[in-house]
Amino acid sequence: MKKKHITLGEFIIENQKHFKYTSGELSRLINSIRLAAKVVNHEVNKAGLVDILGAAGEVNVQGEAQQKLDVYANDVFMQTLVNREIVCGIASEEEDDFVVIEGKENTNENKYVVLIDPLDGSSNIDVNVSVGTIFSIYRRVTPVGTPVTKEDFLQKGNEQVAAGYVVYGTSTMLVYTTGHGVNGFTLNPAIGTFYLSHPNMQFPENGNIYSINEGNYKQFGQGVKEYLKYCHLDNPAENTPYTARYIGSLVSDFHRNMIKGGIYIYPTSTKAPQGKLRLLYECNPIAFLAEQANGKATDGYRRIMDIQPTELHQRVPIFCGSKNMVTKAEEFMAQFPDEANY
Ligand code: AHM
Ligand code: MG
């Protein structure tokens, strides 16, 4: 009988064969992200309701006051990873510094670190628009048996062993890669199970969607301005004018563009001289997914995954999406080489 309706749990076990190390640690790690995603999904889905109840001073079953969703999501992901004792450290957008997890009997024997943006797209939380979780996973570089250090987190995107996101949208999906393509799983909320719904996701090489906060136009550098003028041209041979679509949630904009073909840009500007998005837990995982799905991710000049991180919360500009569209944008940027020095 042919296999069908494959669950994420089954897929993780099946794909363990790809992993270089077979202790099952990485599989257990992805499984714990799956669990945390379901818990956060449950809370995201009653966001408006919680507000109504919250006005009356709602408290949860533990007797704690309701928290903001981004803080809540951070707690859920951190706690799930801590409880399962499968990582040696976590860095999160919500935490100033990385968190050391000593694991079983304080042996520091775990090999992976996780970097996470627990709830990305914060401006959309209160208005019933899609938000997401982004995660990135590395093997530690310092010796097992010692507490994790900053060096374990400041690795190039190139070294990622897995990355993915959860999009809490019209349906909830978990999309991830371990370096063997990108696969998407949709949550059946009735039974709380993710099913493989989007196997082997691929960016169309071309597209006609551009996603950028064009309200900042006057603050952009000349390379981006010239590229945007190109996007506006009435030139059917080049597929322009492009269609503008900008949700303001990286995960949702990226997800749509991966399916339909498009480019997402968060460039430098006078307001955000280094760009806005964070290299380690926003740009690198998105870049890994983009490349695994036959797309491209650069800072306008260099491959995102080749950038050597120096800070946990470092920002970089990002251009990601359909390969030919990103390459075209880079051609405009190349005319203004000074803008590479952000
Ligand atoms: P956040 O981590 O504070 O939510 O910020 C990241 C988000 C991205 O999801 C989104 O693409 C971008 O910020 C939107 O920023 P802006 O409102 O400046 O366009
Ligand atoms: Mg974010």
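A few notes on this one:
- Total formal charge among the other residues, if their Cβ is under 13 angstrom from that of Tyr217, Lys/Arg +1 and Asp/Glu -1: +2
- Element breakdown for the chain at a 1.4 angstrom probe: carbon and sulfur atoms account for 50% of the accessible area.
- Per-residue ³J(HN,Hα) for the range 207-221, Karplus 6.51 cos²θ - 1.76 cosθ + 1.60, θ = phi - 60°, Hz, x for Gly and Pro: x, 9, 10, 10, 10, 7, 7, 6, x, 8, 3, 5, 8, 6, x
- Per residue, the accessible area of the chain comes to 45 Å², computed with a 1.4 Å probe over protein heavy atoms only.
- Estimated from helical segments only, the mean residue ellipticity of the chain at 222 nm is -8500 deg cm²/dmol, where each DSSP H run of four or more residues counts as -39500 (n - 2.57).
- Local electrostatic count, Leu279, Cβ distance below 15 Å [Lys/Arg +1, Asp/Glu -1]: -1
- Positive minus negative residues near Thr193 (Lys, Arg vs Asp, Glu; Cβ under 13 Å): +1
- Over 20 Å (Cα to Cα) - which of Lys229/Lys276; Lys111/Lys156; Lys260/Lys323; Lys260/Lys328; Lys296/Lys328 fall in this group: Lys229/Lys276
The values are calculated or read from the model by the stated rules, or taken from the named source; none is laboratory data. Bear in mind that the values here come from a model prediction, so they are computed numbers and not experimental data. No Cβ is skipped: glycine too gets one built from the backbone with ideal geometry, and neighbour counts run over all protein chains shown. In case anyone asks, the SASA skips ligands and DNA or RNA and just uses the protein heavy atoms, side chains included. Shrake-Rupley method; radii C 1.70, N 1.55, O 1.52, S 1.80 Å.
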